[in-house]
Amino acid sequence: MIPVRGAGITVRSHAVAPSLENLLVVGIASSALFDLSASDAVFQSEGEQAYRAYQEAHLDEPFAPGVAFPFIRRLLQLNSLGPLVEVIVLSRNSPDTGLRILRSAAHHGLAITRAIFTEGRAPHEFMPALNMSLFLSAHSDDVRKATLAGMPAGQVLASSFIDDDDPALRIAFDFDGVLADDAAERIYQSGGLDRFQEHEATNVVTPLDPGPLRNFLAGINRIQRQAEDRIRVSVVTARSAPAHERAINSLKAWGLTVNDAFFLGGLRKAPILDVLKPHIFFDDQRGHLIQTVPCVHIPFGVANE
């Protein structure tokens, strides 16, 4: 894993099992992969013992797909081209209450064979050992702890998205605070738009430090070299000219590419996302996230302090 350093985040290199070192590894909490609303309601209203009994009684009843299901399904389908992706369940469930999760994955045809059940322990601690480039969960506390520890994590938010039959995977990223660190965003927050534009024009040839999802995009780009027609990547950012040049130059300096870039200059992102219909969209600011597509909040940087 390439070291990533930015304001408040460091992703360090770790030795990994040979079977994972050349794969794009994604960790997924059951709360992101499936709709757990019924079982969560039991836990909240009746407690842990009732929750255990409920899961055992419904062991053979598969969970319905959750917000990240369309994204994960398409990621795993890329393995039809060879070993490219590994998805690992990373869950606060105990081993016995977690049985229903893997049975549900099998029911839905998801080739997920690895899982870690920690019975309440923070699951993000195991991300480096498994070479994970991304961890998705619906629980904000787990995601925030992972981010503060310098790990790439995001909280999936409720969505009304209806999946389609297109096998191609569509991914969209914000730029600052997601692919790049928040150094430029800090200039904007402290000095306003004019100061931001001036700063970015002055530093146009100086690449920004990578942000939390730089390595994830690098993994996607590796897969695109074998399956270009199966993945489309977009950047949807509030940047506009002249600040757009530094974003493009940063991607080039990191050796990364995207298919589309939308430099919106502060226009609302929602109309663009409604046309793109990404299977997942990552942004560090909740105000840019919408319900009509599967959205992930990256709680990184000055926008989340």
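Per residue, the chain reaches -10000 deg cm²/dmol at 222 nm when only DSSP H runs of four or more residues are counted, each adding -39500 (n - 2.57).
Send over a whole-number figure in Å² for the accessible area per residue of the chain, probe 1.4 Å.
Details: 13310 Å² over 305 residues.
Each residue of the chain exposes 44 Å² on average to a 1.4 Å probe.
Length available on full extension from GLU305 to GLU56: 0.36 nm per residue minus the Cα-Cα distance, which gives 85.6 nm.
For the chain, what is the percent of antiparallel DSSP beta bridges, rounded to the nearest 5? Mind dumping the intermediate values first?
Details: 8 of 40 bridges.
In the chain, DSSP labels about 20 percent of beta bridges as antiparallel.
Quantify, in whole percent, the carbon and sulfur part of the accessible surface of the stretch 169-291 (1.4 Å probe; protein heavy atoms only).
On the way: 2660 of 5270 Å².
C and S fraction of accessible area: 50 percent.
Looking only at the stretch 168-305, where both bridge partners belong to it, what percent of the DSSP beta bridges are antiparallel (to the nearest 5)? In the stretch 168-305, approximately 5 percent of DSSP beta bridges are antiparallel ones.
Spatially, the stretch 78-115 and the stretch 256-290 are offset by 29 Å when compared through their Cα centroids. Label-to-label distance, GLN189 versus ASP163, with points set 7 angstrom from Cα along the beta-carbon direction: 3.6 nm. Within the P(r) computed for the stretch 222-291, what percentage of the Cα pairs occupies the region above 13 Å? The share of Cα pairs beyond 13 Å in the stretch 222-291 comes to 70 percent. Taking a quarter of the surface of the Cα convex hull of the stretch 128-186 gives a mean projected area of 5.9 nm².
Would you work out what percent of the accessible area of the stretch 11-109, with all protein chains in place, is carbon or sulfur (probe 1.4 Å)? Please report the intermediate quantities before stating the final value.
On the way: 2350 of 4460 Å².
The value for the stretch 11-109 is 53 percent carbon and sulfur by accessible area.
Among DSSP bridges having both ends in the stretch 28-174, what percentage is antiparallel? Round to the nearest 5. Once the DSSP bridges in the stretch 28-174 are tallied, antiparallel ones form about 20 percent.
Kindly give the semi-axes, whole Å and largest first, of the ellipsoid equivalent to the chain, taking each as the square root of 5 times a Cα gyration tensor eigenvalue.
Details: eigenvalues 218, 80, 71 Å².
They are 33, 20, 19 Å, listed from largest to smallest.
The values are calculated or read from the model by the stated rules, or taken from the named source; none is laboratory data. Everything numeric in this text was worked out from a predicted model, so none of it was measured. In this analysis, Cβ positions are derived from the backbone assuming ideal geometry, glycine residues included, and neighbour counts consider all displayed protein chains. Only protein heavy atoms, including side chains, enter the accessible area calculation; ligands, DNA and RNA are left aside. Shrake-Rupley method; radii C 1.70, N 1.55, O 1.52, S 1.80 Å.
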